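The values are calculated or read from the model by the stated rules, or taken from the named source; none is laboratory data. These numbers come from a predicted model, not from an experiment. Here the Cβ positions follow ideal geometry from the backbone for every residue, glycine too, while neighbour counts run over all protein chains shown. Only protein heavy atoms, including side chains, enter the accessible area calculation; ligands, DNA and RNA are left aside. Shrake-Rupley method; radii C 1.70, N 1.55, O 1.52, S 1.80 Å.
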Amino acid sequence: MTALNLATQNGLRPEAAEIATSPLAIRGLTVSYGEKPAIFSVDMTIRPGSMTAIIGPNGAGKSTLLKAALGIIRPLSGQTTVFGRPLDTQRARIAYVPQRASVDWDFPTTVLDVVLMGLYRELGLLRLVRSSHRKTATDALRRVGMADFADRQIGQLSGGQQQRVFLARALAQGADLYLLDEPFAGVDAATEKAIIAVLKSLKADGKTVVAVHHDLATVEQYFDHAFLINVRPVAEGTVAEAFTAESLQAAYGGRLATAQIDRLSQAG
Amino acid sequence: MLFEALTLQLGYNATLVAIGAMLLGISAGATGTFLFLRKRALVSDAISHATLPGIGLAFIVMVWLGMDGRSLPGLLIGSALSAWIGLLCVQWLTGGTRLSEDSAIGAVLSVFFGAGIVLLTVIQGMSAGRQAGLDSLLLGSTAGMLFSDAVLIAGGGALVLMLTLLLRRPMSLVAFDSDFAAASGLNVPRIDLATMGLVLAVTVVGLKIVGLILIVALLIIPPVTARFWTERTEHVWLIAGALGGASGYIGAAISASAPALPTGPIIVLVAFAFFAVSLLFSPARGVLSSVLRHRQYQRRVHLRQGLLALAQGQPIYEGYTLRLLQREGLARPDGVATGDGQARAAKALLDEKRWEILRGLQAHEATAARYDGLTGLETILTEDQLRDLDTRIAAPREIAP
């Protein structure tokens with residue numbers, strides 16, 4: 001909040017000041033496949049140092065929101081600023097963890113080589129991989145408990161191990177903003193615990209974490225902020241602020257039983 | 001004859017062709033690797049067929065300008081331009097319309113090839129075109145290769161190889177995880193276009209030796225073959241380059257060693273021979289080893305099931321299981337366990353009981369995921385953990401209050 005106060009003192013409007021300090025601020029983002037929008041005119045302002053869950057039903061546009069924010073798919077309209085600056089000048093400060101199922105795990109590569117991909121911006125076309133780079137990659141693997149698997153072919157990993165390798169690749173980037181797409185989808189309970197421990201340690205180091213999340217029951221336990229979306233943005237704020245009976249009803253419609261809504265909104 | 005050919009003693013033309021084919025093979029194998037890893041192998045087929053109208057038009061333009069219509073550099077420039085247009089058509093049809101990539105490839109490939117054949121037929125009728133011999137570029141023809149042609153092919157191949165090596169890191173990254181690559185700031189469409197541009201260059205350079213119809217084989221077969229032998233991207237393109245080079249060299253030598261053996265098709269057949277051997281005999285991914293592994297696994301499962309049946313005094317119905325038990329000296333022909341069999345059966349039952357307990361314990365969740373019905377827990381747990389587990393087997397089950 002001090003940064004925000006500083007920015008307002010410098011004469012910026014509160015909204016502009018918020019964008020200037022936000023690790024990820026999105027304004028008017030619309031993505032459309034054909035003529036049906038996947039997300040429509042979404043504003044989202046991520047608080048610095050927060051852990052935010054992007055929540056919504058299937059087909060609500062959660063993954064699309066992340067991909068469009070990062071320019072992986074081209075939005076119809078809207079813009080992204082990262083730490084108050086244009087996206088493309090801040091790429092080095094962003095680590096993205098795609099959905100595990102989005103790649104072919106029979107690809108001929110090893111665990112260590114995947115993590116080294118996180119150092120692409122540093123290595124570029126020609127720089128040789130040095131022992132310092134390998135150490136960065138191995139340290140990242142150690143943080144997710146996968147150091148013993150460095151030389152394995154990625155096809156031999158279980159789903160949970162694959163997800164940890166993806167997280168290690170993001171850690172190797174040494175970024176300030178971490179964006180994860182469904183990091184807990186189809187992983188075992190041990191991996192889920194390991195991942196959330198790493199994410200919380202990132203937050204403790206002052207980094208910002210944003211994750212697309214599916215499981216309403218664990219939002220409160222894992223995250224401090226939530227962004228509810230169903231094509232249109234529905235609610236934003238701390239988990240308690242975002243999880244009201246009205247907003248859950250608005251995001252999920254008839255898909256949640258009244259009892260569930262009561263439980264979730266009271267928990268918040 | 002073949003030995004002389006392989007040692008480059010068959011004269012000037014054969015030597016030129018062999019060295020040219022080897023360089024072409026190396027660059028085709030290495031470049032094709034990234035096409036194969038990106039799972040867009042067939043785009044190269046559209047590119048190669050799209051060269052044909054350019055060849056025809058280049059000939060007509062050169063004759064019209066009063067030059068020799070058969071000059072190789074001119075034909076290659078024409079073919080590259082029309083292949084580039086064909087490639088852009090595939091890209092646009094895939095990205096800009098609802099057509100899938102395979103339909104787009106089919107459409108572009110056939111239309112460009114058809115147009116090219118029409119042009120070639122027209123040229124046949126032109127007075128200047130009677131001896132054009134442009135159709136030799138369909139399947140390649142090395143008979144009258146000039147030294148300058150060989151230099152062009154070798155130089156072009158070497159340049160493509162260098163560019164491929166320069167771009168290998170972004171190309172692998174895009175092939176494995178294009179979303180991550182885009183998030184890291186890489187321009188994915190531009191890198192894809194660069195990959196395709198390199199493939200186009202290999203195709204054009206290879207027209208003289210293997211021709212446009214068979215170049216796809218030289219781009220795809222070596223990396224597919226290499227994949228049988230390694231699990232690392234860096235090794236795939238190294239092996240693919242080596243195999244492509246060897247195929248080019250050996251194929252050219254074989255075709256030079258006997259009259260009337262076409263160079264391009266023989267090169268492709270040599271590449272295929274490498275592929276066939278790898279498909280059958282690769283230790284990690286080959287057909288033979290996977291059949292053997294499967295058989296061995298099946299055997300272990302049957303043996304285990306048989307032992308569990310013996311331990312619990314159940315009848316064994318499957319003949320294969322019974323034969324296995326007999327062969328191992330674990331059961332008599334009438335299905336009764338031998339002394340050895342009784343001991344092994346008791347151990348198998350103990351393993352199952354231990355696993356059953358372990359899979360019910362929260363603390364062993366990670367270990368529980370490794371259950372395969374075959375492995376004994378003593379290979380996974382420490383002695384203390386095992387002892388703790390065994391006390392739970394002996395103790396009566398706790399009943400939740």
Open item on the list: I'd like to verify a number: residues in region B:236-253 that are open to solvent by 10 Å² or more (accessible area, probe 1.4 Å) and either touching a His at 6+ places or on another chain (Cβ under 8 Å) or over 13 Å from B:Met22 (Cβ atoms) (or both), how many?
Closed with: 3
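Residues checked against (1) in a loop (DSSP other than H, G, I, E, B); (2) within 14 Å of another protein chain (Cβ to nearest Cβ); (3) open to solvent by less than 40 Å² (accessible area, probe 1.4 Å):
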position	(1), (2), (3)
A:Ala194	no, yes, yes
A:Leu199	no, no, yes
A:His214	yes, no, no
A:Ala217	no, no, no
A:Gln221	no, no, no
A:Gln249	no, no, no
A:Gly254	no, no, no
- [ ] Scan region A:223-247 for residues that are open to solvent by less than 30 Å² (accessible area, probe 1.4 Å) and among the hydrophobic types (A, V, I, L, M, F, W, C) and jot them down.
- [x] A:Phe223, A:Ala226, A:Phe227, A:Leu228, A:Ile229, A:Ala235, A:Val239, A:Ala242, A:Phe243
TODO: Go through the residues of region A:187-206 one by one and say whether even a single one is of a type in the set (A, V, I, L, M) and farther than 20 Å from B:Ala366 by Cβ.
DONE: yes
Task: Sole residue being within 14 Å of another protein chain (Cβ to nearest Cβ) and either under 25 Å from the mean Cα position of the chain (by Cα) or small (Gly, Ala, Ser) (or both), chosen from B:Ala154, B:Ala183 - done: B:Ala183
Task: Candidates B:Thr225, B:Thr233, B:Thr164 - the one that is open to solvent by 10 Å² or more (accessible area, probe 1.4 Å), β-branched (Val, Ile, Thr) and touching a helix residue (DSSP H, G or I) at 6+ places or on another chain (Cβ under 9 Å) - done: B:Thr233
Open item on the list: Which condition from (1) assigned to a helix (DSSP H, G or I); (2) hydrophobic (A, V, I, L, M, F, W, C); (3) open to solvent by 10 Å² or more (accessible area, probe 1.4 Å) is the one that B:Leu186 breaks?
Closed with: (1)
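B:Val174 - would you say it is more than 10 Å from every other protein chain (Cβ to nearest Cβ), assigned to a helix (DSSP H, G or I) and crowded, with 22+ Cβ neighbours inside 10 Å?
Yes; evaluated as a whole, the condition is true for this residue.
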- [ ] Would you check which residues across region B:50-98 are open to solvent by 10 Å² or more (accessible area, probe 1.4 Å) and assigned to a loop (DSSP other than H, G, I, E, B) and list them?
- [x] B:Leu65, B:Gly66, B:Met67, B:Asp68, B:Arg70, B:Ser71, B:Thr97, B:Arg98
TODO: Exactly one condition in (1) at pLDDT below 95; (2) open to solvent by 40 Å² or more (accessible area, probe 1.4 Å); (3) in contact with a strand residue (DSSP E or B) (Cβ under 8 Å, 6 or more places away or on another chain) is not met by A:Gln156; state its number.
DONE: (3)
TODO: Return yes when B:Leu308 is touching a residue at least 40 places away in the same chain (Cβ under 8 Å), within 30 Å of A:Gly159 (Cβ to Cβ) and aliphatic (A, V, I, L, M) and no when it is not.
DONE: yes
Task: Of residues in region B:99-151 being closer than 25 Å to B:Ile266 by Cβ, within 30 Å of the chain's Cα centre (by Cα) and of a type in the set (S, T, N, Q), the one least open to solvent (accessible area, probe 1.4 Å) - done: B:Thr142
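Here is a yes/no grid of residues against (1) modelled with pLDDT under 85; (2) within 26 Å of A:Ser158 (Cα to Cα):
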site	(1), (2)
B:Leu325	no, no
B:Thr338	no, no
B:Glu352	no, yes
B:Trp355	no, yes
B:Thr367	yes, yes
B:Glu378	yes, yes
B:Arg397	yes, no
B:Ala400	yes, no
TODO: Check whether at least one residue in region A:171-190 is in contact with a helix residue (DSSP H, G or I) (Cβ under 8 Å, 6 or more places away or on another chain), closer than 28 Å to A:Ala38 by Cα and assigned to a helix (DSSP H, G or I), and report yes or no.
DONE: no
- [ ] Identify the single condition in (1) of a type in the set (Ser, Thr, Tyr); (2) more than 28 Å from B:Leu165 (Cα to Cα); (3) in contact with a helix residue (DSSP H, G or I) (Cβ under 8 Å, 6 or more places away or on another chain) that B:Ser48 does not satisfy, given that it satisfies every other one.
- [x] (2)
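Tell me the residue from A:Arg27, A:Arg121, A:Arg100 that is open to solvent by 30 Å² or more (accessible area, probe 1.4 Å) and more than 28 Å from B:Lys39 (Cβ to Cβ), please.
On the way: A:Arg121 fails: more than 28 Å from B:Lys39 (Cβ to Cβ); A:Arg100 fails: more than 28 Å from B:Lys39 (Cβ to Cβ).
Going through A:Arg27, A:Arg121, A:Arg100 in turn, the sole match is A:Arg27.
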TODO: Kindly indicate the residue of region B:333-391 that is small (Gly, Ala, Ser) and outside any helix (DSSP H, G or I) and also surrounded by the fewest Cβ atoms within 10 Å (Cβ to Cβ) among those meeting that condition.
DONE: B:Gly360
TODO: Would you confirm whether any residue within region B:17-38 is small (Gly, Ala, Ser) and over 25 Å from B:Leu238 (Cβ atoms)?
DONE: no
